Structure formats: C-alpha cells, structure tokens
Amino acid sequence: MNALHLNMVTQRAVEEGEAMEAGKTTQKYFDVCTVIEMNADDIKAMEIPPNAIVKVTSECGEVIVKAIIARQTCPRGLCHMRQSVWANQVVPPRTQSTGEPQYSGFPVTVEPALDARIVPAVELVQKACNKWNGKLLWPM
Amino acid sequence: MSEVIKNVACPYCGACCDDLVVTVENGKILEVQNACVIGTEIYHHASREGRVGSPRMRQPDGTYKDITYDEAIDYTARMLIKAKKPLIYGFGSTNCEGQAAAGRVAEEAGAVLDNCASICHGSSFLAIFDTGYPSCTLGEVKNRADVVIYWGSNAAHAHPRHMSRYGVFPRGFFTNKGHRGRKVITVDPRYTDTARCSDIFLQVKQGHDYDLFDAFRMVMRGYVDDVPEIVAGIPKEKILEVCDIIKMGRYVHIFFGMGLCHSDGRNHNVDIAINLVRDINEITKCTIMAMRGHYNIAGPGVVWSWQFGFPYCIDLSKGSHAHMNPGETSSVDLANRGEVDAFINIGTDAGAHFPIRSFEKLGSRVPMVTIDPSVNMAATVSDVHIPVAIVGVETGGICYRMDNVPIQYRAVVPPYNGILTDEELFNRILNRMLELKTEGIECDGKWEYAKPLPSLIPVKIEPEA
Ligand code: SF4
C-alpha cells in the first residue's frame, strides 16, 4: 500500500447541503461528509480497495476519512472533500491577505489507515477547542 | 384543516427560489412543492422533534442547562460591553432586519462586524472595488442570455435549481427555445454535474484560471498568434472554438463561483474575469455575476454599506469611524492572530466552516455565543446558545438574492416554542447594553471565560511557493 501526494479542493456538494440542513450531528451528515473523492486510478495506485479508510494530512492537520471513487470525476492528481467539519481539519488557514482561507488547491498526502477510526464532528471540534469531556452529548 | 401557502421563498441558497408551495396544518409543515432536495429538507427540519426551544448555557462538565431569554441576553450584553474587540460574524442565514439590528449592537459594542462573504465572495468584493461590476439581474439572464458560462461554479450542487430557473433550461422572452437555443460552457478542474449539463466543458488545471482568462483576453483583443498551444491544460483550438461562440453570442453571461475565490490568486482571478467581460463588451453584450452562496449573503453587503459604508470586515472598535481592511479586519485573520476577545456566531457555523486551526483559537480562548435555530458545531463549544426563529419558515423579512434583488420572505408556521427572531433578539441585546452601561458596567477586557487555555495546537504556516 502506498501514500499519494495530491492537490485538494474542498467545495460544496448537494448531498452535504441536504445533510447539513438535516443537522450536523446526524448520522446522515457523518456518512456523506467523511469521504475523500479520488480518481479511480489514484485509488488503485494506493493499492487499496475503494471505500477503504485513509489518513489525509496537510501542512496544518490530519483527518481520517473513507476514500471513494469521485461521484463527479476528478482527474488524476486532484482530490475533493465536501466542505464540512472533516475537510476543514486540513484546510490551511492562510488567506493571502484577503480573509479567505485556502479552501481549494493545497497539497495533501493520502495514505491508507485501514484500522483508524473516523471521528464524529462534535468530537473533532470540541477536542480542538479543549472542550471535549469524553462523551458525545448529541447522539447521532 | 390544511392550508396551502403559495409564493414562498426558500431560505437556503442564493438562487432564492420564490415559487415554493408549502402545505401546513396546525403549525406543522406537511408538504413542500417546487423546492430542491436541500430546500425541502429545511422545511421538514423545522417541524422535526428535538429542536432547541430555549437558550442554553454550557456547564463546567460540558453539559447544557436551559436558561431564560433574559439571562442569555444579559450574558451577551455584558460580554459585548466588557470585551475590547468582540467579533460578530455570520449573517448569511438571517434577514436584513436582523442584520441592521446587529449593526446597531456592533456599533454600541465597538465590535468587528463581518459576514460569511469574508470566507466566500470577499475577494470578489475586492475585485469589484478595483474593477467595477458589469452585472445584471437573473431575469435578464433568463430572458436574454444565449451564451452562459459557469466558471469555477458547480451550480448543480451549490444552487440546485439555478440552471432550471435562470441559467440553462428556462424559456425567456428572447430565449424561447430554452436550453436548445443556449450554449452553456463550464470551466472547472472537475467534471462536475454542472459540466455534464453543458455543451462545452473546459477542464482547467486547478489554480490556473488566471492563465486561461488571460488567453481569452488575448483572443478577444486580437493577439491570437501569441496564445500558446496549451494554456492551463486547455488546447489552443478549444480556446478559439469557445471564443468564437462567445463572439457570436447575442448576450453572453458569466457566472463565477468559489473556484476563483478559494484558489491561489483570489481577487486577482475575479479581477481578470471582470476585465474579460469588458473586452467582450467591445464585441457583443456581456455581463457577469457572483454565485452568492446563502440566500441572504448579499443582504449584509447592502444593509451595512448603507449603515457604515462598507459591506464586510467592518472594524467599529475605534469608536470614531468604521474601518475595513480584509486581511486585517477579516474574521479568519483576526482568529488566526488571536486578536478578538469575544465571539458571536450568528446565522452561520464557524465551527464547521472555518479551518479548524482558525476556529480553535476562538473556541478555546474567548467567550462565545451562538445564535442559530439549530445545534451546529459552533453551538457545541459555545458558552451560550440562543435559538431563534428560522427566516423564511417561522418569520419573514427582506433578503437579497444573488443579483441584489430584494425578495420578500414570509413565515409559513409560527416560531417553535415562541422563540424570538434575530431582530427582536438583537434589539433586546442593545437595550440591555444601554441599561448595563448606565449601571456603570464598562469595557475592561475582563471576563471569567476569557482565560487562555493551554495545549493549543500551533498553526503551522508554510511559506507560499
Ligand atoms: S435552488 Fe436554492 S433557493 Fe432554490 S429551492 Fe434549492 S436550495 Fe432553495
């Protein structure tokens, strides 16, 4: 199994919009947003099956998600995460002095992490903010 | 007895579809017609069990306790007075009445007032200040445009009915053949669902939109021979083919989205897009429009420009005048540098949509109030969460569509559990602030929650290549 260096874009998806309106603490939001969309050949090059769990690392953080074949085709070398709590674990906060973070076009490393756990949104955010008390108050 | 309410406007995306038909019975929403899947979900969410019906305060063990509106308003008013530089951010999902009321609160508090455009079309504003905005209304696109370009915008996903109402399929006054009479061109690094609905797809190399715009400008200005064989991954003959279509169009319209604003170059990508429009106008009619995300994210630009002279990133902390300088007074940069000492998250979710490395500086260090109808990520780390009525479902008001056309929103059911609207809430916060100030409470930067916490993950910023 191999690691890959890819260019990441994080943007909207209709699945994400619908799930977000249902609620960010729902299972639906978790299911549609904890994915990285990749070109089928890139997944093959990593020597993992589609839907395997991977670790995505950028210059400022990492996140565990599922690698799926892109619903809207990505060319090789490009990957996409639906804008969400998980995508924003790796989005660099640099803004080129405009106020807008680098949501699209930043380098990431994707590597297989088959036994890793995909962490729920609330846990990720509360941990980052030092407010995690060890249990999910909003059951999914 | 069920009631059918017509011409309801949808409170999700900037397309602001105002043709929804909602069936209600006894204050419950039974059915929604004409909305896309996201719009429908909003209305059903409003009627679902488990909504937050009263303000709540975070306890030391991380659980939440219900408090009264008076207590929540008192907490927020005190926090705003005590803080030296509070940040009030959000507003994509509220009406103009709420935005204006928040503007008055921000002025009284000496706060930084910012909206989601700051992380969305903020750089478009910068380009528009520099270059101008030869735009139009969506009605003109529908009735006139025979060449429509979606550049860095995935309308099929972000504005699901945009293509059927305005951009691709509708039959208009001069466009009575609908999509058969229109050429649709999509420029995107991914073969998106919008690209699938287009006649021509240009798969631009991610982050190289500027180069491609430049090539288009060269062709429009007659420097065809100097265009390289491949620009941003697109062969020259493809560029010439698209330029011919544009030149032959009677009315060309460009919709641009986050692909330009979120990539390297930011405002410069939009800048050159507007300049291309200027060049095309030498040949045929051409207009351009930003694909604004939220249904009322154009609202604060209009309301606050009228109140303060600036559309976003408004620093009112000087007390004497408003000051705007994105990069300095923009929410993410303020958070990155740890420059604010209190935070109100209203009508958005900074917890989910800021990069976590920015948000953690707010969430772990400063007192925080979230004003939102539902439990979002910011609410899960806020000291106080105040629920408000959902605009377009439980309260009406004015909202500006992506083309800056005001749309009258309407309520279809009464507010859940009698919760307040944003406007009522901000008016009461303002009144409480004035009361507290006469009682002698003043700005001293001291607040029991404003203790910095240890063990923050430092932001690592690599020099840009
Ligand atoms: S396209 Fe946008 S405004 Fe129209 S129904 Fe869908 S979410 Fe609502």
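The values are calculated or read from the model by the stated rules, or taken from the named source; none is laboratory data. As the structure is a prediction and not an experimental result, all values here were calculated from the model. Heads up, the Cβs are rebuilt from the backbone with ideal geometry, glycines too, and the neighbour counts pull from every protein chain shown. In case anyone asks, the SASA skips ligands and DNA or RNA and just uses the protein heavy atoms, side chains included. Shrake-Rupley method; radii C 1.70, N 1.55, O 1.52, S 1.80 Å.
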Problem set entry | Hits in segment B:27-44 (condition: part of a strand (DSSP E or B) and touching a strand residue (DSSP E or B) at 6+ places or on another chain (Cβ under 9 Å)) | B:ILE29, B:LEU30, B:GLU31, B:VAL32, B:GLN33
Exercise. Residues of segment B:107-140 being part of a helix (DSSP H, G or I), surrounded by fewer than 24 Cβ atoms within 10 Å (Cβ to Cβ) and not acidic (Asp, Glu), which ones?
Worked result: B:LEU126, B:ILE128, B:PHE129, B:THR131, B:LEU138, B:GLY139
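If you go through segment B:166-175 one residue at a time, do you hit one that is open to solvent by 30 Å² or more (accessible area, probe 1.4 Å), outside the structural domain of B:ASN345 (by TED's automatic domain parsing), more than 22 Å from B:TYR295 (Cβ to Cβ) and not basic (Lys, Arg)?
Yes: one or more hits.
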Seminar exercise, completed: Checked B:THR186, B:THR194 against criteria (away from the ligand (no atom under 16 Å from the Cβ) and surrounded by 22 or more Cβ atoms within 10 Å (Cβ to Cβ)); the one match is B:THR186
Problem set entry | Per-region count, segment B:369-395, residues in a strand (DSSP E or B) and touching a residue at least 40 places away in the same chain (Cβ under 8 Å) | 7
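Tell me which residues, restricted to segment B:1-23, are in a loop (DSSP other than H, G, I, E, B) and either within 14 Å of another protein chain (Cβ to nearest Cβ) or near the ligand (Cβ under 7 Å from one of its atoms) (or both).
Hits for segment B:1-23 are B:CYS10, B:PRO11, B:TYR12, B:GLY14, B:ALA15, B:CYS16, B:CYS17.
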For this session: Kindly provide the set of residues from segment B:238-257 that are farther than 17 Å from B:ARG217 by Cβ and touching a strand residue (DSSP E or B) at 6+ places or on another chain (Cβ under 6 Å), ordered by number.
Result: B:TYR251, B:HIS253, B:PHE255
For this session: Could you please give the count of residues in segment B:45-56 that are more than 8 Å from chain A (Cβ to nearest Cβ) and in a helix (DSSP H, G or I)?
Result: 1
Seminar exercise, completed: Apart from one, (1) buried (at least 17 other Cβ atoms within 10 Å of the Cβ); (2) assigned to a helix (DSSP H, G or I) all hold for B:LEU240; the odd one out is (1)
Problem set entry | Positions within segment B:293-342 being in a helix (DSSP H, G or I) and within 16 Å of the ligand (Cβ to nearest atom), in sequence order | B:ALA298, B:GLY299
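Table: residues versus (1) open to solvent by 20 Å² or more (accessible area, probe 1.4 Å); (2) more than 7 Å from chain B (Cβ to nearest Cβ); (3) touching a Pro at 6+ places or on another chain (Cβ under 8 Å).
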{"site": "A:ARG82", "(1), (2), (3)": "no, yes, no"}
{"site": "A:TRP86", "(1), (2), (3)": "no, yes, no"}
{"site": "A:PRO93", "(1), (2), (3)": "no, no, yes"}
{"site": "A:GLN96", "(1), (2), (3)": "yes, no, no"}
{"site": "A:GLY99", "(1), (2), (3)": "no, no, yes"}
{"site": "A:PRO107", "(1), (2), (3)": "yes, yes, no"}
{"site": "A:GLU111", "(1), (2), (3)": "yes, yes, no"}
{"site": "A:ALA116", "(1), (2), (3)": "yes, yes, no"}
{"site": "A:PRO120", "(1), (2), (3)": "no, yes, no"}
Seminar exercise, completed: Within segment B:350-388, restricting to residues that are under 17 Å from the mean Cα position of the chain (by Cα) and at the interface with another protein chain (Cβ under 7 Å from one of its Cβ atoms), the one that is nearest to B:GLY418 (Cα to Cα) is B:ASN376
Exercise. Do we have any residue at all in segment A:111-119 that's over 20 Å from B:SER263 (Cβ atoms) and outside any loop (DSSP other than H, G, I, E, B)?
Worked result: yes
Exercise. B:GLY50 versus (1) small (Gly, Ala, Ser); (2) open to solvent by 70 Å² or more (accessible area, probe 1.4 Å); (3) within 12 Å of the ligand (Cβ to nearest atom): which is the lone unmet condition?
Worked result: (3)
Exercise. Residue check: is B:GLY92 in a loop (DSSP other than H, G, I, E, B) and without any contact (Cβ under 8 Å) to a residue 60 or more places away in the chain?
Worked result: no
Seminar exercise, completed: Checked segment B:243-269 for anything open to solvent by 10 Å² or more (accessible area, probe 1.4 Å) and at positive phi; matches are B:GLY265
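Pick from segment B:60-80 the residues that are open to solvent by less than 10 Å² (accessible area, probe 1.4 Å) and of a type in the set (Val, Ile, Thr): which of them is nearest to the other protein chains (Cβ to nearest Cβ)?
The first filter runs over segment B:60-80 and keeps only residues open to solvent by less than 10 Å² (accessible area, probe 1.4 Å), leaving B:62, B:72-73, B:76-77, B:79-80.
Of the ones still in play, those that are also of a type in the set (Val, Ile, Thr) are B:73, B:76.
Values: B:ILE73: 23, B:THR76: 19 Å.
Looking at residues that are open to solvent by less than 10 Å² (accessible area, probe 1.4 Å) and of a type in the set (Val, Ile, Thr), I get B:THR76.
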Seminar exercise, completed: Residue count, segment B:84-106, condition open to solvent by less than 10 Å² (accessible area, probe 1.4 Å) and more than 19 Å from the chain's Cα centre (by Cα), comes to 3
Exercise. Which members of segment A:122-138 meet the condition of being part of a loop (DSSP other than H, G, I, E, B), open to solvent by 10 Å² or more (accessible area, probe 1.4 Å) and either at the interface with another protein chain (Cβ under 9 Å from one of its Cβ atoms) or touching a residue at least 60 places away in the same chain (Cβ under 8 Å) (or both)?
Worked result: A:ASN130, A:LYS131, A:TRP132, A:ASN133, A:GLY134, A:LYS135, A:LEU137, A:TRP138
Exercise. Looking at (1) in contact with an Asp or Glu (Cβ under 8 Å, 6 or more places away or on another chain); (2) modelled with pLDDT of 95 or more; (3) closer than 26 Å to B:GLU282 by Cα, which is the only condition B:GLY181 fails?
Worked result: (2)
Exercise. Within segment B:144-152, is there a residue that is within 16 Å of the ligand (Cβ to nearest atom), assigned to a helix (DSSP H, G or I) and of a type in the set (Phe, Trp, Tyr)?
Worked result: no
Problem set entry | Total residues in segment B:57-76, condition in a helix (DSSP H, G or I) and of a type outside the set (Val, Ile, Thr) | 6
For this session: Search segment A:55-80 for residues being more than 25 Å from B:THR348 (Cα to Cα) and assigned to a loop (DSSP other than H, G, I, E, B), and hand back the single one that is farthest from the other protein chains (Cβ to nearest Cβ).
Result: A:ARG76
